[in-house]
Amino acid sequence: MDFQECGRWLLVIVNSIFTLCGFGVFAAGIFLLVKASELEQDVELLKDLPLTTTSYVVMFIGLALAITSVIGVIGALRKNRVFLTVYLFVIFAVVLIQLCIGIYLYQYDSDASINALVEEKWFEENEGAREKRIDYQDFFQCCGWNNVYDSRGAGYDTPCPRENPETCKQATLDWLSQFFTPVAIVAITFACLEIFALIATLGILCTSKESEDDDDWLV
């Protein structure tokens with residue numbers, strides 16, 4: 001079995017796995033959408049965190065990955081250059097989007113990003129801000145922002161009837177780490193794996209033009 005045949009069957013196997021992974025990513029996007037909707041409904045101070053939009057993008061990427069991987073399998077099995085060329089360009093776009101999504105989600109899992117998003121609004125001194133802090137603390141089961149006492153003082157007057165709570169900043173980071181950071185890591189990992197599929201496809205397309213059985217390939 002020559003290099004072209006090995007690459008072709010490797011592409012079939014890899015894209016069969018990518019198809020299943022694509023549907024898994026789509027399901028993960030639905031799960032994240034539910035979590036993001038709960039967050040946006042109950043925690044107004046995080047309404048500027050675009051998790052719902054990101055969840056829809058994750059769902060789209062998963063579906064696009066699954067469909068494109070099926071095209072790659074068909075193209076490799078039927079030796080169809082048109083299918084493989086379409087697969088090549090779409091997977092390249094998917095890789096770029098996955099890298100962007102992964103980096104975008106990952107950068108929110110840091111003190112600096114969450115502080116920039118929430119801290120100023122957290123320490124506003126009015127009744128509306130107080131209610132928002134209470135809702136925030138109830139959702140994450142936390143107290144304060146930088147420490148558990150900083151929102152109980154004069155001007156803030158935000159009660160927190162919990163024993164040994166963590167700060168709301170840390171609770172937010174923990175929540176993002178639990179639900180969204182893994183998606184960022186998976187997106188970046190998939191993108192790196194798909195780069196190898198791109199290389200294999202390029203190799204197959206190039207060698208198919210030079211092979212003795214070129215007539216077996218459909219234009």
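The values are calculated or read from the model by the stated rules, or taken from the named source; none is laboratory data. All of these numbers come straight from a predicted model, not from anything done at the bench. Cβ placement follows ideal geometry from the backbone for every residue including glycine, while neighbour counts extend to all protein chains displayed. Please note that ligands, DNA and RNA were not included when accessible areas were found on the heavy atoms of the full protein model with its side chains. Shrake-Rupley method; radii C 1.70, N 1.55, O 1.52, S 1.80 Å.
The residues of region 135-154 that are open to solvent by less than 50 Å² (accessible area, probe 1.4 Å) and among the aromatic types (Phe, Trp, Tyr), listed by number, are 136, 140, 145.
Taken together, the residues in region 1-52 that are open to solvent by less than 90 Å² (accessible area, probe 1.4 Å), under 30 Å from residue 129 (Cβ atoms) and polar (S, T, N, Q) amount to 2. Here is the figure for region 91-103: residues that are farther than 12 Å from residue 58 by Cα and not small (Gly, Ala, Ser) total 5.
Contact map, region 20-45: residues that are assigned to a helix (DSSP H, G or I) paired with residues that are open to solvent by 40 Å² or more (accessible area, probe 1.4 Å) and at pLDDT below 85, Cβ distance under 6 Å, separation 6+ or inter-chain. Pairs shown: 40/47. Considering only residues in region 115-134 that are over 13 Å from residue 151 (Cα atoms) and in contact (Cβ under 8 Å) with a residue 24 or more places away in the chain, the one that is surrounded by the fewest Cβ atoms within 10 Å (Cβ to Cβ) turns out to be 115. The sole residue among 73, 90 that is open to solvent by 10 Å² or more (accessible area, probe 1.4 Å), within 26 Å of residue 28 (Cα to Cα), without any contact (Cβ under 8 Å) to a residue 60 or more places away in the chain and of a type outside the set (Asp, Glu) is 90. Does any residue of region 155-169 turn out to be touching a Leu at 6+ places or on another chain (Cβ under 6 Å), touching a residue at least 12 places away in the same chain (Cβ under 8 Å), open to solvent by less than 10 Å² (accessible area, probe 1.4 Å) and not β-branched (Val, Ile, Thr)? Within region 155-169, none of the residues are touching a Leu at 6+ places or on another chain (Cβ under 6 Å), touching a residue at least 12 places away in the same chain (Cβ under 8 Å), open to solvent by less than 10 Å² (accessible area, probe 1.4 Å) and not β-branched (Val, Ile, Thr). May I ask you to list the residues in region 145-175 that are touching a helix residue (DSSP H, G or I) at 6+ places or on another chain (Cβ under 8 Å) and within 28 Å of residue 104 (Cβ to Cβ)? Matches in region 145-175: 145, 146, 166, 168, 169, 171, 172, 173, 175.
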